[in-house]
Amino acid sequence: MIKVRGAVTVNTDRCKGCNLCVVACPTGTLALQRSEVNDRGYHFAYMANPENCTGCCSCAWVCPDACIEVYRVKTEA
Amino acid sequence: MNLCDTMELEEIIREENKVYAVPELLDQSVHMHYCPGCSHGVVHKLISEVIAELGITDHTVGVSPVGCAVFAYNYIDVDWVEAAHGRAPAVATALNRLWPENVVFTYQGDGDMSAIGTAESIHAANRGENIVMVFVNNAIYGMTGGQMAPTTLIGQKTATTPYGRRVDLNGHPLEITNLMPLLDGTCYVTRQSVHTPAAARKTKACLKKAFENAIAKRGTSVVEVVATCNSGWKMSPEKANEWMAEHMFKVYPLGDLKDTTKEQ
């Protein structure tokens, strides 16, 4: 069986914590960092459940500040 | 997160596995001034991707409006001209006629296109100038503090219509994109949105088609993007998207309004 694993990187300096990526993520991978803020005081997004990510790019498509880059690998499980 | 997961993440996050990169044309060194969750950012991103994919970076000229997107020239790394309020299609006309080899697009908000620039927009479309007009409609004047725009919905509360827009006092919403297909100069008129990943993908395809029309000199292409202004609407970005899908799409239904490239 082929398993798809994904990962995202968030440019935390640019992120404004609008939460749109968290809403768009179908696998519940992303969340806003509740305990930390970036230089401009925003609660930035991060991978809260990295094992769920499938690299579907939904978060990246809706991100208004272009902070998200997506990586995907297919592995034989 | 245990050690095994950390190692695996490092294995995934490698250049060869990248499936979505930030568009190169979008200048990463400057922070966009838009409010968190603003649709303008997504539209900027899609335009950057389309220009790069079509390979027209060297000879694309944008005309930025007055409104929230006034600093668009700082964000997308192509040539820009800043026009006076509403005059973007007139400036684009000059740019396109003087340098016909250039691909010219205007980026306008609802104040720019459907209020002060109605005449310029309609006449540029009627003359069939070979330009792309990107129209971002968020039904409010975002930059000046959320006043009523011509595109504001009936009953919508804004700073200048605190009890909701009334037809007897303020008139009907101006659906300017609906007027464009009637003009013979337009070749492609569409209305899209960017509130979901699927909608953003579709909008990108429409923008690409519009830029291809400009390259092929088929006439004026108008791409309306029904957008949110969560600060002006006094909502969270998430709620603003829901409100837009529920209320805006009734008045501004999505889809192609005119496409002459299909008939050919």
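Is it the case that some residue within the stretch B:224-234 is part of a helix (DSSP H, G or I), of a type outside the set (Ser, Thr, Tyr), in contact (Cβ under 8 Å) with a residue 12 or more places away in the chain and in contact with a Leu (Cβ under 8 Å, 6 or more places away or on another chain)? Checked the stretch B:224-234: no residue is part of a helix (DSSP H, G or I), of a type outside the set (Ser, Thr, Tyr), in contact (Cβ under 8 Å) with a residue 12 or more places away in the chain and in contact with a Leu (Cβ under 8 Å, 6 or more places away or on another chain). Kindly indicate whether any position in the stretch A:63-70 is among the β-branched types (Val, Ile, Thr) and either out of contact with any strand residue (DSSP E or B) (no Cβ under 8 Å at 6 or more places or on another chain) or more than 9 Å from chain B (Cβ to nearest Cβ) (or both). Scanning the stretch A:63-70 turns up no residue that is among the β-branched types (Val, Ile, Thr) and either out of contact with any strand residue (DSSP E or B) (no Cβ under 8 Å at 6 or more places or on another chain) or more than 9 Å from chain B (Cβ to nearest Cβ) (or both). When B:Val81 is tested against (1) part of a strand (DSSP E or B); (2) over 18 Å from the mean Cα position of the chain (by Cα); (3) away from chain A (no Cβ under 13 Å), just one condition goes unmet, and that condition is (2). In the stretch A:50-77, which residues are surrounded by fewer than 23 Cβ atoms within 10 Å (Cβ to Cβ) and free of Cβ contacts under 8 Å to residues at least 40 places away in the same chain? Of everything in the stretch A:50-77, those that are surrounded by fewer than 23 Cβ atoms within 10 Å (Cβ to Cβ) and free of Cβ contacts under 8 Å to residues at least 40 places away in the same chain turn out to be A:Glu51, A:Asn52, A:Cys57.
Can you find a residue that is touching a residue at least 12 places away in the same chain (Cβ under 8 Å), facing chain A (nearest Cβ under 9 Å) and crowded, with 19+ Cβ neighbours inside 10 Å anywhere in the stretch B:52-74?
Of the stretch B:52-74, the ones touching a residue at least 12 places away in the same chain (Cβ under 8 Å) are B:52-54, B:56-57, B:59-72, B:74.
Subset that is facing chain A (nearest Cβ under 9 Å): none.
Within the stretch B:52-74, not a single residue is touching a residue at least 12 places away in the same chain (Cβ under 8 Å), facing chain A (nearest Cβ under 9 Å) and crowded, with 19+ Cβ neighbours inside 10 Å.
Please work out which residue is surrounded by the fewest Cβ atoms within 10 Å (Cβ to Cβ), limiting yourself to the stretch B:210-241 and to residues that are over 19 Å from the mean Cα position of the chain (by Cα) and within 14 Å of chain A (Cβ to nearest Cβ). Among those that are over 19 Å from the mean Cα position of the chain (by Cα) and within 14 Å of chain A (Cβ to nearest Cβ), it is B:Lys239.
Taken over the stretch A:1-42, the residue count meeting the criterion of being assigned to a strand (DSSP E or B) and closer than 17 Å to B:Ile12 by Cα is 10.
If you check B:Asn230, B:Asn213 for being in contact with a Cys (Cβ under 8 Å, 6 or more places away or on another chain) and closer than 18 Å to B:Val104 by Cα, only one passes: B:Asn213.
Scanning the stretch B:15-39 for residues that are in contact with a strand residue (DSSP E or B) (Cβ under 8 Å, 6 or more places away or on another chain), within 7 Å of another protein chain (Cβ to nearest Cβ) and not polar (S, T, N, Q) gives B:Lys18, B:Val19, B:Tyr20, B:Ala21, B:Val22, B:Leu26.
Summed over the stretch B:182-200, the residues that are crowded, with 16+ Cβ neighbours inside 10 Å and farther than 30 Å from A:Ala60 by Cα give a count of 4.
From the set of residues in the stretch B:163-181 that are among the hydrophobic types (A, V, I, L, M, F, W, C) and crowded, with 17+ Cβ neighbours inside 10 Å, which is nearest to B:Thr118 (Cα to Cα)?
Here is the first cut: in the stretch B:163-181, the ones among the hydrophobic types (A, V, I, L, M, F, W, C) are B:167, B:169, B:174, B:176, B:179-180.
Pick out the ones that are also crowded, with 17+ Cβ neighbours inside 10 Å and you get B:174, B:176, B:179-180.
Numbers: B:Leu174: 10, B:Ile176: 8, B:Leu179: 11, B:Met180: 11 Å.
Looking at residues that are among the hydrophobic types (A, V, I, L, M, F, W, C) and crowded, with 17+ Cβ neighbours inside 10 Å, I get B:Ile176.
With in a helix (DSSP H, G or I), among the charged types (D, E, K, R) and out of contact with any His (no Cβ under 9 Å at 6 or more places or on another chain) as the only criterion, which of B:Asp184, B:Asp168, B:Asp256 stands out?
Working: B:Asp184 fails: in a helix (DSSP H, G or I); B:Asp256 fails: in a helix (DSSP H, G or I).
Result: B:Asp168 is the single residue among B:Asp184, B:Asp168, B:Asp256 that is in a helix (DSSP H, G or I), among the charged types (D, E, K, R) and out of contact with any His (no Cβ under 9 Å at 6 or more places or on another chain).
Looking at the stretch B:187-198, which of the residues that are touching a residue at least 24 places away in the same chain (Cβ under 8 Å) and not in a loop (DSSP other than H, G, I, E, B) is farthest from B:Glu242 (Cα to Cα)? Per the stated criteria, the residue is B:Cys187. Is at least one residue of the stretch B:144-158 modelled with pLDDT under 95, within 29 Å of B:Ser29 (Cα to Cα) and of a type in the set (S, T, N, Q)? Yes: the stretch B:144-158 contains one or more residues that are modelled with pLDDT under 95, within 29 Å of B:Ser29 (Cα to Cα) and of a type in the set (S, T, N, Q).
Residue-wise test of (1) out of contact with any Asp or Glu (no Cβ under 7 Å at 6 or more places or on another chain); (2) buried (at least 24 other Cβ atoms within 10 Å of the Cβ); (3) at positive phi; (4) not in a helix (DSSP H, G or I).
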residue: B:Ala94; (1), (2), (3), (4): yes, no, no, no
residue: B:Glu101; (1), (2), (3), (4): yes, no, no, yes
residue: B:Thr106; (1), (2), (3), (4): yes, yes, no, yes
residue: B:Asp112; (1), (2), (3), (4): yes, yes, no, no
residue: B:Ala125; (1), (2), (3), (4): yes, yes, no, no
residue: B:Met133; (1), (2), (3), (4): yes, yes, no, yes
residue: B:Met143; (1), (2), (3), (4): yes, no, no, yes
residue: B:Thr158; (1), (2), (3), (4): yes, no, no, yes
residue: B:Thr161; (1), (2), (3), (4): yes, no, no, yes
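Condition check: of a type in the set (Gly, Ala, Ser) and within 8 Å of another protein chain (Cβ to nearest Cβ). Does A:Ala48 satisfy that? Here the answer is no, as A:Ala48 does not meet what is asked. Out of the stretch B:20-32, which residues are surrounded by 14 or more Cβ atoms within 10 Å (Cβ to Cβ), free of Cβ contacts under 8 Å to residues at least 40 places away in the same chain and over 15 Å from A:Val62 (Cα atoms)? Those that are surrounded by 14 or more Cβ atoms within 10 Å (Cβ to Cβ), free of Cβ contacts under 8 Å to residues at least 40 places away in the same chain and over 15 Å from A:Val62 (Cα atoms): B:Gln28, B:His31.
The values are calculated or read from the model by the stated rules, or taken from the named source; none is laboratory data. Keep in mind it's a predicted model, so treat the numbers as computed, not measured. All Cβ positions, glycine included, derive from the backbone under ideal geometry; neighbour counts span all protein chains shown.
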